[in-house]
Amino acid sequence: MGIHKSIQLLQGVFNSKMTGLLQKISRATPKVVLSLITIGILSGCGIDGTKYKYDGEIEGKHVRFCEEKVWKGFLEDTNYLVVKDSSGDSVVYADYDDDLIVDKVLIARKGKTREYYRGSIIQLEGEKKFAFYLRKILEIKQSEGGSIQAQRDSIEQEDLNLLRQ
């Protein structure tokens, strides 16, 4: 058997194995996608590991930053920053590829939702507000971290004083 015939035989075996595997994946994929969607819905934005994760008040508005795993042929991080004011109007900033650049802005006001994509004037202005809120979130987290460290230092000092008595 020549080298070319051996290569063709190996390619045939590989292709048949891959075809079988791809068929199994294609049958399983709807179940996997449905499971991921269900998990996402039930957990909200609970799959979050970013330093910006936040759910609280900033300048009188309820602000929530979360990261969600979204299925796009593979799992990809998508960041959402949701800002609601006291009237119930809200703005959602969506970053689909985890680069902290706004890909879409959704504005929900008076029962209507409008979507604006990259390059629009709304998205460009939204990018500025998105960056503003991210800076505020980091400032809040740093100040909270500082106060926690100060509390730990104070407790340690009290413990040291107790041990030295």
(message) I need the full set of residues from region 51-64 which are modelled with pLDDT under 90 and exposed (fewer than 14 other Cβ atoms within 10 Å of the Cβ), in order please.
(response) Lys51
(request) Run down Glu67, Glu115 and say which single residue is modelled with pLDDT under 90, among the charged types (D, E, K, R) and surrounded by 10 or more Cβ atoms within 10 Å (Cβ to Cβ). (result) Glu67
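The values are calculated or read from the model by the stated rules, or taken from the named source; none is laboratory data. This one's a predicted model, so the numbers in the text were calculated from it and none came from an experiment. Heads up, the Cβs are rebuilt from the backbone with ideal geometry, glycines too, and the neighbour counts pull from every protein chain shown.
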